[in-house]
Each structure stands twice: as C-alpha cells, then as structure tokens.
Amino acid sequence: MRIHGIGLPAVAILLASVTFVMAEEPNVGELTRELKGEKPAAERTPAQLDAVYANVLDALMPDMGNEDTGKRGGPQGTLEAIAFRASRPGAEAERAACSKAIAARLGPDVAPLARVWLLRQLERIGRAEAVPQIAGLLSDKDALVRESARRALRKNPAKEANDALQKALGSTDTAAWRVAVIKALAERRDPSNLSLLLKEAASDSDDVRSAAVAGLAKIGDKSAVGPVAAAMSKGSPAARRVATDSYLLLADALADKGDTAAALGIYRKMLSSPGQLKCAAIIGIGRSGSASDLPTLFDAVADPDPKLRGACVEAMVLLKATDVTAAIAAKAKTAEPGMKPALLQALARRGDKSTRATFVAAAEDADEAVRVEAIRGLGMVGDAAAVPLLLKIAATTGKPQEAARESLERVKGADVDKALLGAMDGKEPNSRVEVIRALSARRVAAATPGLLKSAEDADAGVRSESLKALGVVAPPGALPAVAALLVKTEDGGARSEAANALVSIAGREADVEKRSEPILKALESAGGPARLALLGVVGRLGGRKSLEAVRAAVKDNDEKVRDAAIRTLADWPDAAAAPDLLDIAKGAASETHQVLAIRGYVRVVRLQSGRPAAETARMLAAALAAAKRPDEKKQALGGLAEARHIGALEAVVPCLDDAALKEEATHAAVRIGREIVNDNPEAVKAAMQKVLEISKNADIQRQAKETLDRAEQKLKEAKPKK
Amino acid sequence: MVMEKQHVTRRLFLKGMIAAGAAPYIISASALGAEGRPAPSNRIVMGFVGVGGQGSGDMGGFMGHPEVQAVAVCDVDYRQRTGAKQRAEQRYAQEKASGTFKGCDDYGDFRELCGRPDIDAVFCATPDHWHALVTCEAMKNGKDVYCEKPESLTIREGRIMTETARRYGRVFSGGSQRVWEDYNWYHRMMWSGTAGELQEIWVDIGGPSGEMLRPAQPVPEGMDWDMWIGQAPWRPYNKDYHPFNWRGCRDFSGGGMTDWGAHHVGGALFASQLYNKELPVEVIPPDGKEYKQLTYKYANGVQMHLGGAWDGPLGFKGTLGEVPDRKGPRKAPPPINIPNYKGRGGIFGDFLHCVKTRERPFRDIEIAHRTVATCHLANIAFWLGRAFKFDPVKEQIVGDEAANRWIDRPKRAPWSL
C-alpha cells in the first residue's frame, strides 16, 4: 500500500488502523460494493471509514493511471461511483474519508493520468481536508496535473482552498498560469480576493489585467469602478473590450446589490459608446433609473438603429417609478410617427390599464404601424370597453385585422365575454363572424345558445363559423341540438362541419357510451344524407352502442346506408369492429367492400392493444387467409411482421413461395424470427434457411444470416453436455 | 436581380450614413429595416461558427433565405471550414462574378469572426461545450445569435447566456425546430384544454452522457485539437470524439438527455405551458419502487416523468383524461391559435424576422435555457444516483452541496464566461 503526502507518524497510525479493521472487514470486493451503494453499508466510526476507503482505493490504484484506456476505465469508473455516493447529504464522515483517501494518493510517484482522475473526484467532493495535497500540485511539472489541481480548488468551498489559490498567485511563473489562477479566484466570487484582483487590474499584461477586471466585475464591489474604467483605455482592442464588458457587468452587479447610484454612473458614462454598448447602457438605465431618465430614452428611441430602439423599449418597460407610465403615454401622443410604435409597445408591456385612452386614440392614427401597435396594445391593457373598436377593426383586412383578432382573444376583463355575447346579434355579418371567432378563441361556453341560433343564420359565413365554434366551446349537453342542426341542414358543407363539431363536443364527455347516445337517438329518425353523416360520426366516436347501430346499418335495405356503414366500420377506432370486418371481407358481394373490410380489419388489429401476441398472430393469419388480392395480403404480412409469436411465423412461411408476396414475406419472416429466435430456434432456423435460399436483398440476407446463426447457437446451447 | 439590388441599396445607405457622420461600426445593424419602415437594405449579414454536420446543413438553410448574406465561416477543422467556404461562394457565385460579393472568409478562431463589425448575426453549431463561449462572445460584440440545441453544457452557462442577451439587448434564438413543428398536435390538444387541469407529463428521451475514454490517435491534419477541446478538461484526440461522436462524453455534452431533451422536453413544456414557468422544485431519479422513471415535481404539483410515453414521444394526463387517448386513435385537434413563429420560413425565418423587429423569437434563450436546464437536472440526478430539491429562482440545488457543484463546471484555462 502506498500513501503519499502525509507524515510518517500518520502513516503508521493509519496502517495500524487498516490492519485492525482488515481483520474484521469483508474483502475488498464486498467493501467496494458497499461504498458504491450496491449493498447495505455497515456502521463505522470515522477511523474505520478512513481505513475502508484507503483499502478500497489501494485496490483500485494499480490501473488508475494505466495508459491502456481499457484497463484504467474500470477503476476510474468505480472510483467515480464511490465518490459520487460518498458525497450524498447526511454522509459527511464518508465524504471526508473518501476525500482524504483520494488526496493521500496524489504523490509524485503516481502516474499523471491517475492524479488527473483523482483530482477530478476532488473537484466534485473535496473540502478543506483535501486542500494541502491539491495545493501542492499547483506547481507540479505536469501541466495537466497543475490545471486539474487549479480546477479542483476553484470548486472547493473551503476557505483554505481560496487561501491556497491566493498563495499560488504569488509564485506563478508565467503570465498564462497567472491568468489561470486569477480566473479561479475570480470564479469563486469571494470578496476577500478583492484587493488581490485590484492589484492585478493594474498589470501591464493585457491578459492578466483582463482576467482581473473580469473577476472584479463578478465580485461587484464599488471600489472596482475606477480600476475597471481605467482598464477600458489600456492595451489591445480585445483587452479593452473585456474591460468594457466587465464595466457593464460591474454596473449590473452593483444594481443588484442596491447601489443604483453607482450603477447609473456607469450606465450614463457608457451612453456615448457605439452599438451594443449603448444598448446595454440604455437597458441598464431602465433597470436602475427613474422618470428623470426618460428624456435620454426618448432621444434614443428616435434613433434609426432598430437595435437601439429595441433596447429603449426594454428600458422603458424596466423603469420602475410610477410616474413613468404617464410620461411615456404623454410622449406617445406628441411624438413623431416613427417613434410611436416603440413608445406604444413599451406602454403596453408595462400593462397599466389607465393608459387605455392612449391606445384607443392611436388606433385611429394615419400611420398603419402606429395603428397596429395600438391595436396590439389594447389586447394587453384594454377591457370590455375596447371590444366594439376591436370588433370593428377585426372586420377589416390586413395587419390591423390580424392584430385586432389577436387582441380580441387576449384582452382581459370580467365583462369582455359579456360584451362579446352582447355583440352576437350585430347587424353586419362580417362583424358577427368576428364576434363568433373571438368567442371561440376565448372558449366561452356561455356562447353555446347563441351559437346554436347563429348556426342557422341567413349568412353562410356566420353559419360556418358558428358550427366551428360549437365544436370548440359547446358542452356535451349541446349534442342533441347540434345533431338536430346536422339533420336539418340541406347544405353539404354545413353537414360536414356539424359532424366535426359533434365529434369534438362528444370528446368532452368522459363516458364513451354516453358520448354517442344523442347521436344514436338522432340516427333513429334521420334519413338521407343526414343518416349517412351521423353514421360517420358514431364511427368516429366508437363504443359498444355505436357498433351495434352500425352493425344494423350494414344490413339496411338502402345500398347507400350499407355502403356508409361498411366504410364506417373500416375506419373504426378500435378492434371491437374486427369480427364484423372479417365477416364482410369473407362474405361481401362487392369487391370494394371486401377490400375496404380487409384493410380496415388489418388496421384495427394492428392498433395498440393489450391482447396476447398469439391472439394478434391468429387474427392477422385470418386476414392473410381471407384476403383475395396481393395488396391486402401484403398488408396482413406487414401486420404479422410486428407480431412476436411463432404463430405469425407459421402464417408467413407459406407466403415465401408466392412470387407476388416473396418480398414482404421475407421481410416479415426475418423481423419475426429475430424477436422469437430464443424461444423457437428450430422453427426460426428453418425459416431463415428458406429466406436465404430465395431472397436477393443483401440487407435481408445479412439479417437472416445473423438470425440463423443465433438460432444455431441456441440449438447448440440446448444440447445436453456430455 | 434581387441580390444586386440589395447591394446597391446597401452601398447607397452606407454612403448616407457616412455623410451623416454616423460611426461605420454600426453600419450593418442600422441597415436593417423593420417592416413598414424605409429600409435601405433588407440583408442580414451572417457568420457561421461550427460548420460540419448539423452546422453545414443549417448554413445551407440560412443561405436559402434571400435576406441572408453569409460572409464568414469558422471551424477548428480546416476541412470543414474550407468546405463551408466553398459552399457559400458557390451559392453567391453570380454575385462574386459581378463584384457585389467579395467572398466568404474562413477562420479557425471564432473570436476573429465575432469581432468583424460587418456581421449582424452569428450562427453557432459547434459541439455543445462551445455554445456558451461562442454565443456570449458574439453578443458582447453586438451580434444577434442563433444557436443549435442543446444550448448549454451547464445550468449556469444557460443563465449567463440569457443574462448576456438581456444585457446587450440581443436577439437569441435556440435551435429546436421540432418543438413547434413536430409536436404541434400535442400543443393544440393541450392548449385547447383536452386533458383538463394538467397533472402528469411523460417524455421519452435519450440517456445521460458519461465518461468516454478513448486512446490517443494522431490529430488529423488541419485540425486544432486544443481549440476543439476548449473549456473541457484536456484529453487526446480520437476519431470517436470528432467528427460528431462527442455527444456521449460528459465533458462535451449532456448526451441523449440534452440532445433529444432539447426537442422532447421543449415540446412537453410548451404543450403544457410550463415553458415560461419556473424550473421544477424536486428531481427524483428512478428507484425501481415508487418512481419507475426519473420524475420532476413542479411547484404547482404537476409531475413530469422521463419515459413512459405512449403513441409518440409525449404523454399528458389531466383531470379530463389523457393526451393522446390510449383508448382510441388520435383525434384532429380543435382549431386554436397558439403563438409561434413570426416571419416566414420556419425557425430560421422566425429568427431573421426578430433580428429585424427586435421581438423575442419562439425559442428565445430564456425558454431554451429552461428546457435544457431541465435536462441538465436529470443528468445530475442520474450521475449522482440521488434525488434533490431545487430552488428555481436561484437556480441552485438545495441541501446537497456536492450536487450543486454540477450547476457550473470549472472551465479549462484560459476559457471563462
């Protein structure tokens, strides 16, 4: 056992305790399982834990740094699992013991690859107990070890880790390493590093200075304002850019700490900068400023640069003072048209409903962009009073119409729905259509009575929109009324829309049998096209009673009804219709019906179900037998390919000899064979041999060969050993 | 020809700016015209960082938008960046011949590309461990950003990316087109209230990344391996890492968890309207008993499980039932308006529109961050094999100091955010 980095007396004590513990502890394999959490752990004292972790690590160390990745992967993975487990909450003694054991194995005679891996574990679980050994590696001759040690200390929460990094800064031998250590200190965001970073911020090296000012910004102390500002005019453009970014970041940090005066000082200074820096300054002013900063924002919002205007909108939204809203609203009235959309956008996003009048006025503006922004704004700050105006605009065209429709959907307020319901009887059909669209988009169930009425409106557009809306908002209680509409209408389009509405409304009834009751009731007395449409509806709903009704229709005297019923069965939502479909496939006089039925049968059998694979195989084999044309037989073979059962293979094998089906049959045989080979090697072997004989498809041949090999292997394994 | 006209317009605009005494530094940004406003140029000048694999395809997608002008590519692999440069120059061959396009420059260091003042927006499709560093550098240089998913390597990175975007007022779109496009049916069903009040979510997803040890191999010619490694702990080159197979390695990626999670978790959070809410308050890995799958608990009582979806990658249960309904086929979703992409042309078009209008894109970085952070939390729970509580406001793991260390990872010097 090798122990590194600790004094001789400690080694002696540890060895003694290990020897003592070893006498009572299970073997290392069992201990490893324990430490990985694969078996219950015994109760141990801290000293016993130290010994156990030391023991297990020693067993892992020999290959921990092996150049052969195959050999070091195992111990490295085991150590990681142990470290992860040891770091769980409530197991501090285990974590500390694990960390100590890892740290003790970081000595110079351990391979760098192993030390790098050990350091990675300490990066994840190490605390004060590991700092001395890790710190010792900050000056290691191996660059990877040194860098790994730096990262391990960067993540170590102990004060000792910070102290070690500070100390290391004093002895860095290159600018690159100095930068690395500064960055580790900076990422810790520890205020005790402030003075060191302030000193480094005055460095003549661009890289060192940049690392330091970035760190100062992260700590966010006011004392850094001057040094960071000074760095903005020093060195290369890249160094200046880092300093400028740090300056802005520092302002944000100061603002977060409540020092808005200091933050605003920075943002205002940056206002004279170009491009994104000015945008950041503007947004910063929005975060920390007041109404007195609005003239600055108003000036910037007039800028032709859309990015700057976008930043101004953000800033105006962020400004917290209460008098800001009124000032923006006042400006929006008098500003140049080019500025108004941004001002209205900001005002709307501030969400103050007292500004509604501003939007109402701007909605009549001569400039379309202003109007559109105002209409959008009404959706955010408007209320019921805005509904008539929005409806009027929604009945127009173009972008204002789009904006008004969005706003009608979005506008909040207790009386908005009431206002829309009140507008359902409006004179203009276009306006009525918009009212219905809005009620539908807002899902106003209370609109149902009105929609049932408007579904019979003289205007076709109103009727159509009403039926669509009923599908969205009407409760299941409205099904009889909507079914009556379907029966009554003579318009094919309206009938189809009513049928869609019935399906949607019925979907809101949880009980499958109750869903179809009102439709079945209507079906009893319906005739002509309505009867056919209702049959289609019950088919889409499914359920036992629906199926009975469709079965009856299959025997109807009217040929059109029979045809509709068979088509409905073929589209049935589940396998309940399977027996009926198979009967029709076998016995229908019409070839069309036979084809529809067999296709429908295969489809419903292939739907997800809880039935045993044997049963599915049997049902699909029946389809194969009943199908009269190759096309339908191929569909059945497609289904059989998914059935993981010997019965499926038995049904497929005869088709291998059928030239018209050979391609699909070989595919199916291979797919089934792969799935069932372990339990049916004999049958699969024979089938694969047959596939290999007849298939010319290279991919199928490869898969068949693999499956055949597997079958032969299974047969070989099954033979009793002599 | 459109491109030629755009160039002329842009040149005239530049002339006007200079005459007005404006700083040329902001030429390209100011040249962007929002809809309805006089626009001297409608071209968005883009630079592309990470142009192999996904990046190559995406670059082609962006160049398919007439308003995009690709002028620079960057990749640490010489073969990939020269290939991308050639593709850009082929795309603009006519303009190059006429002298209106000066060619596409190629770089091995993203900082050079990000520092170019003529670039408006930077696209990033590097391996995951580079996303935060590249995109923050771009934003600090005034660029808007489109970044492939998963947007971050750690939760802290995602937060810094969001803060940087907000600080500089930049548009930042994440890169999952699937969230809106592939899971649209779920969104329509869920936003229309089909499931009632949400109780549980199931999301099928890939597994976490882990250690991935590979022996050293010679670094391919033209490959800057140290730059490729970047912030990650150094390891020798192996072809299993680059090109492409780095995703299983924890130092470079969160694995299938963040790769597919960026799509599927993103879809689940959007469908359930948790996408703009706080992160979960508790994460519980599977224990084989009460919790068969990794489970998140949200402050509102909703639980989300990784795994267990049926009939597609997502599943939802509410007071009115399940979506999809296990008992029947999928239904047509009700007609419903859901805020989604702006502009034209999918998620790229959404980003380009927002660059012009300064709106927030569909996959704004805050939304992307919350999605990927959700996946990072699962990875931490899987790696450590234990449950923990999470403070979604501070974005810190509570009561488990060692687990909390995974919120941020130390970066290899000299890299830092």
Scanning the stretch B:338-372 for residues that are more than 23 Å from residue B:212 (Cβ to Cβ) and among the aliphatic types (A, V, I, L, M), the one nearest to the other protein chains (Cβ to nearest Cβ) turns out to be B:355
For the stretch B:278-306, pairs from a residue that is of a type in the set (Gly, Ala, Ser) to a residue that is not in a loop (DSSP other than H, G, I, E, B), with Cβ under 8 Å and 6 or more apart or across chains, are B:301/B:199
Per the list (1) surrounded by 20 or more Cβ atoms within 10 Å (Cβ to Cβ); (2) touching a Gly at 6+ places or on another chain (Cβ under 7 Å); (3) charged (D, E, K, R), residue check on residue A:513 breaks on (1)
Checking A:568, A:592 in turn, the sole residue that is outside any loop (DSSP other than H, G, I, E, B) and within 24 Å of residue A:517 (Cβ to Cβ) turns out to be A:568
Of those in the stretch A:318-327 that are of a type in the set (A, V, I, L, M, F, W, C), surrounded by fewer than 21 Cβ atoms within 10 Å (Cβ to Cβ) and in a helix (DSSP H, G or I), the residue farthest from the other protein chains (Cβ to nearest Cβ) is A:326
Over the stretch B:200-226, the set of residues acidic (Asp, Glu) and under 19 Å from residue B:384 (Cβ atoms) is B:211
The stretch B:108-206: strands (runs of 3 or more DSSP E) wholly inside it with 1 or more residues that are surrounded by fewer than 24 Cβ atoms within 10 Å (Cβ to Cβ) are B:198-203
By residue number, the members of the stretch A:130-172 that are charged (D, E, K, R) and within 14 Å of another protein chain (Cβ to nearest Cβ) are A:142, A:146, A:147, A:150, A:151, A:154, A:155
>> Looking for something within 14 Å of chain A (Cβ to nearest Cβ) and of a type in the set (Phe, Trp, Tyr) - is there at least one such residue anywhere in the stretch B:200-213?
In response: no
Restricted to the stretch A:454-503 and to residues being of a type in the set (Lys, Arg) and farther than 20 Å from residue A:395 by Cβ, the residue nearest to the other protein chains (Cβ to nearest Cβ) is A:495
- request: Taking residue A:54 as the residue in question, decide whether it is closer than 23 Å to residue A:129 by Cα, surrounded by fewer than 17 Cβ atoms within 10 Å (Cβ to Cβ) and either in contact with a Gly (Cβ under 7 Å, 6 or more places away or on another chain) or small (Gly, Ala, Ser) (or both).
  value: no
The residue that is surrounded by the most Cβ atoms within 10 Å (Cβ to Cβ), considering only those in the stretch A:378-401 that are within 14 Å of chain B (Cβ to nearest Cβ) and over 11 Å from residue A:434 (Cα atoms), is A:379
The condition from (1) buried (at least 22 other Cβ atoms within 10 Å of the Cβ); (2) within 12 Å of chain A (Cβ to nearest Cβ); (3) of a type outside the set (A, V, I, L, M, F, W, C) that residue B:408 misses is numbered (1)
From the option list A:312, A:279, single residue qualifying as within 21 Å of residue B:355 (Cβ to Cβ), buried (at least 21 other Cβ atoms within 10 Å of the Cβ), touching a Lys or Arg at 6+ places or on another chain (Cβ under 9 Å) and modelled with pLDDT of 95 or more is A:279
Of those in the stretch B:382-405 that are buried (at least 19 other Cβ atoms within 10 Å of the Cβ) and more than 19 Å from residue B:295 (Cα to Cα), the residue nearest to the other protein chains (Cβ to nearest Cβ) is B:402
The residue that is farthest from residue A:32 (Cα to Cα), considering only those in the stretch A:61-95 that are more than 8 Å from chain B (Cβ to nearest Cβ) and surrounded by 20 or more Cβ atoms within 10 Å (Cβ to Cβ), is A:64
- Residue check, residue B:349 of a type outside the set (Lys, Arg), in contact with a His (Cβ under 9 Å, 6 or more places away or on another chain) and either outside the structural domain of residue B:254 (by TED's automatic domain parsing) or modelled with pLDDT of 95 or more (or both): yes
I'd like to know if the stretch B:306-329 contains one or more residues that are surrounded by fewer than 20 Cβ atoms within 10 Å (Cβ to Cβ), within 10 Å of chain A (Cβ to nearest Cβ) and among the aliphatic types (A, V, I, L, M). yes
Among A:485, A:420, A:467, A:452, the single one that is within 22 Å of residue B:188 (Cα to Cα) and hydrophobic (A, V, I, L, M, F, W, C) is A:467
(Q) Here is a check on your reading of the model: is residue B:169 under 30 Å from residue A:71 (Cα atoms) and within 14 Å of chain A (Cβ to nearest Cβ)? (A) no
Within the stretch A:353-401, residues in contact (Cβ under 8 Å) with a residue 12 or more places away in the chain and among the charged types (D, E, K, R) come out as A:353, A:356, A:365, A:367, A:368, A:371, A:373, A:376, A:383, A:392, A:399
The number of residues in the stretch B:128-152 that are within 20 Å of residue B:179 (Cβ to Cβ) and touching a Ser or Thr at 6+ places or on another chain (Cβ under 7 Å) is 7
Across the stretch A:187-217, the tally of residues that are crowded, with 24+ Cβ neighbours inside 10 Å and either among the polar types (S, T, N, Q) or under 40 Å from the mean Cα position of the chain (by Cα) (or both) stands at 9
Considering only helices (runs of 4 or more DSSP H) wholly within the stretch B:301-416, the ones with at least 3 residues that are touching an Asp or Glu at 6+ places or on another chain (Cβ under 7 Å) and within 18 Å of residue B:153 (Cα to Cα) are B:365-384
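The values are calculated or read from the model by the stated rules, or taken from the named source; none is laboratory data. Given the structure is predicted, the values throughout are model-derived calculations rather than measurements. Positions of Cβ are generated from backbone atoms using ideal geometry, with glycine treated the same way; all protein chains shown enter the neighbour counts.
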